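Bear in mind that the values in this text are calculations on the coordinates, not laboratory data. Everything numeric in this text was worked out from a predicted model, so none of it was measured. Cβ coordinates were reconstructed from backbone atoms using ideal geometry, including for glycine residues, and neighbour counts include every protein chain displayed.
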Amino acid sequence: MLRNRVMMAFAAAASLSACATTSNYSGPTGGIAPKLALCSGTSISNAPPIDGRRNIIGYDPVTDIRGVLIYRAPVSSCVSSGFGPRRGGAGSFHHGVDLYTRAPSAVYAGADGRVESVGSLRGYGKTIVITHASGIKTRYAHLSEYVRGLRRGDRVKRGAVIGRTGNTGNATAVHLHYEIIIDGKTHNPLIVGR
């Protein structure tokens with residue numbers, strides 16, 4: 001059983017590192033869960049509204065912003081911190097949503113676009129920024145690794161694996177900090193476009 005888990009982990013890592021080999025990246029795509037929940041045992045000051053099973057009320061995995069179809073949560077996860085004001089932690093206003101994955105997991109491009117940057121940013125750690133159409137950008141932070149070969153200028157498709165969740169930068173657990181930026185201003189990924 002342990003051998004099977006090790007082999008599956010190795011295969012996943014090999015698949016991730018072999019994804020990007022050209023300047024127009026079109027790696028494997030993955031499914032995004034139709035439901036998103038608040039992490040169990042979590043009480044956060046900026047939590048989105050939830051039902052009795054901790055599922056986020058009114059959650060839709062894909063939204064349309066100015067004609068751009070975009071994932072609200074581009075990783076299989078639960079919400080460990082919402083968008084907006086929060087007490088304690090890394091500042092009083094949280095400009096994205098934190099998506100906890102426990103262990104490093106595949107992160108998908110939120111929408112079709114072009115990679116604006118791949119590198120380390122103060123506080124964010126390993127980060128990818130993708131520019132989409134209509135003044136929209138997405139930011140993926142605290143990554144443990146990027147897909148090998150992914151670089152500035154690469155075109156990506158929505159759902160393409162671009163990296164893995166991590167805890168680089170100012171992070172205490174393995175997660176993805178995800179932002180949707182419209183005309184230079186961050187918006188709540190869980191409700192923008194409604």
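In 10 Å bins starting at 0, how do the alpha-carbon pair distances of segment 111-194 split up by percent?
Answer for segment 111-194: a P(r) of 19, 51, 29, 1 percent.
If you add up the charges near Gly153, with Lys and Arg at +1 and Asp and Glu at -1, over every other residue whose beta carbon is less than 12 angstrom from its beta carbon, what do you get? Spell out each step's value before the answer.
Numbers: positive: Arg114, Arg151, Arg152, Arg155; negative: Glu116, Asp154.
Once positives and negatives cancel, what remains is +2.
So if I average 1/r over every pair of distinct C-alpha atoms in segment 143-187 and take the inverse, what Kirkwood radius in Å does that give?
On the way: mean 1/r = 0.0804 Å⁻¹.
Mean inverse Cα-Cα distance, inverted, gives 12.4 Å.
Return the long-range amide H neighbours of Leu36 (sequence gap of 5 or more, or a different chain), with a cut-off of under 5 Å between placed amide H atoms.
The list, which skips near neighbours in sequence, is Ile56.
Alpha carbon centre of segment 143-163 versus segment 58-104: separation in Å?
Going from one Cα centre to the other spans 19 Å.
Can you tell me how much longer the chain between Ser40 and Ala103 gets when fully stretched, taken as 0.36 nm per residue apart minus their C-alpha distance, in nm with one decimal?
On the way: separation 63, 0.36 × 63 = 22.68 nm, distance 1.58 nm.
Residue separation times 0.36 nm, minus the Cα-Cα distance, leaves 21.1 nm.
Once you have the Cα-Cα distance between Val62 and Ala173, take 0.36 nm times their residue separation minus that, and quote the gain in nm to one decimal. Mind dumping the intermediate values first?
Numbers: separation 111, 0.36 × 111 = 39.96 nm, distance 2.57 nm.
Additional length available on full extension: 37.4 nm.
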